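Asks: Could you have a look at this structure, given as structure tokens, before my questions?
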Amino acid sequence: MEIILFDTETTGLLQPENSPLMSQPKIIELYAVKINEEFEILGEINELIYPKEPITEFITGITGITNKMVADKPTFKDITSEINAFWHSADLSVAHNHGFDSGMLDVEFKRLERLFHPARKQLCTVEATMGLTGHRLTLTRLHWMLIQEQFKAHRAKDDVYALVRCFHNLTESGVINLDEYNSNRV
């Protein structure tokens, strides 16, 4: 089983689906790690992305990503083949607020009039953990609850590493059953 855990940092929040594609935010950072059921790393994508528009001070304040940091980086168009190849064989993609992060990938591919080939199944850890407390948990709060450590949030790689630790804990404790997501099992 191949599992992708991923996160995006963006120039803003997704607008309603019927909004023009050009008014949708852009991805400025993508980190994805592919693992197997034993949590061995099979590969990764770690990209700062030039959005072809200025990153606001507000977004820099949240992410720490500056215009200078992305000025000489690839555009999203430059890495679409790499992303599709990476996702191609994945059985499951996992993100904390999967709808947002996968929605951002969808918007970026649609803006380029290209097809995105997502994993066969998706898992949102926000939804999967609502039963633990009865409400939505930020990744920071979930990580503290499960791992009892703090981490620096809002950089894609740091967020994914925290997500991997949470995901491992949730599968080991039985909150998430990987058998439900394994397309190789009947």
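Asks: Do you know which residues across the stretch 61-99 are open to solvent by 40 Å² or more (accessible area, probe 1.4 Å) and assigned to a helix (DSSP H, G or I)?
Replies: If the condition is that a residue be open to solvent by 40 Å² or more (accessible area, probe 1.4 Å) and assigned to a helix (DSSP H, G or I), then 61, 62, 67, 68, 69, 77, 78, 81, 82, 85, 88, 99 are the ones that fit.
Asks: So for the stretch 29-50 (the condition being in a helix (DSSP H, G or I), hydroxyl-bearing (Ser, Thr, Tyr) and within 15 Å of the chain's Cα centre (by Cα)), does at least one residue qualify?
Replies: No, the stretch 29-50 has no match at all.
Asks: Between a residue in the stretch 118-132 that is farther than 16 Å from residue 92 by Cα and assigned to a helix (DSSP H, G or I) and any residue that is open to solvent by 80 Å² or more (accessible area, probe 1.4 Å) and not hydroxyl-bearing (Ser, Thr, Tyr), which pairs come within a Cβ distance under 7 Å, given they are 6 or more apart or on different chains?
Replies: 130/136
Asks: Since residue 100 meets every condition but one in (1) within 21 Å of residue 59 (Cβ to Cβ); (2) touching a Pro at 6+ places or on another chain (Cβ under 7 Å), which condition does it not meet?
Replies: Of everything listed in (1) within 21 Å of residue 59 (Cβ to Cβ); (2) touching a Pro at 6+ places or on another chain (Cβ under 7 Å), residue 100 misses just condition (2).
Asks: Pairs under 7 Å by beta carbon, first residue closer than 17 Å to residue 157 by Cα and at pLDDT 95 or above in the stretch 61-73, partner open to solvent by less than 50 Å² (accessible area, probe 1.4 Å) and part of a helix (DSSP H, G or I), six or more apart or different chains?
Replies: 66/60
Asks: Okay, moving on. Mind listing whichever residues of the stretch 152-186 are in a loop (DSSP other than H, G, I, E, B), under 24 Å from residue 36 (Cα atoms) and open to solvent by less than 80 Å² (accessible area, probe 1.4 Å)?
Replies: 155, 173, 174, 175, 176, 177, 181, 182, 183
Asks: So which residues in the stretch 138-168 are farther than 24 Å from residue 30 by Cβ and not charged (D, E, K, R), if there are any at all?
Replies: Restricting attention to the stretch 138-168, the residues satisfying the condition of being farther than 24 Å from residue 30 by Cβ are 144-146, 148-149.
If the condition is that a residue be farther than 24 Å from residue 30 by Cβ and not charged (D, E, K, R), then 144, 145, 146, 148 are the ones that fit.
Matching residues to (1) buried (at least 17 other Cβ atoms within 10 Å of the Cβ); (2) over 23 Å from residue 58 (Cα atoms); (3) without any contact (Cβ under 8 Å) to a residue 24 or more places away in the chain:
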| site | (1), (2), (3) |
| --- | --- |
| 4 | yes, yes, no |
| 14 | no, no, no |
| 17 | no, yes, yes |
| 20 | no, no, yes |
| 23 | no, no, yes |
| 32 | yes, yes, no |
| 37 | no, yes, no |
| 43 | no, yes, no |
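Asks: Suppose we keep only residues that are of a type in the set (Phe, Trp, Tyr) and under 29 Å from residue 173 (Cβ atoms) within the stretch 100-147. Which one would you say is least open to solvent (accessible area, probe 1.4 Å)?
Replies: 100
The values are calculated or read from the model by the stated rules, or taken from the named source; none is laboratory data. Quick caveat, the model's predicted, so the values are computed rather than measured. Don't worry about glycine lacking a Cβ; one is built from the backbone with ideal geometry, like all the others, and counts go over all protein chains shown. Note: accessible area is taken over every heavy atom of the protein model, side chains too, but ligands, DNA and RNA are not part of it. Shrake-Rupley method; radii C 1.70, N 1.55, O 1.52, S 1.80 Å.
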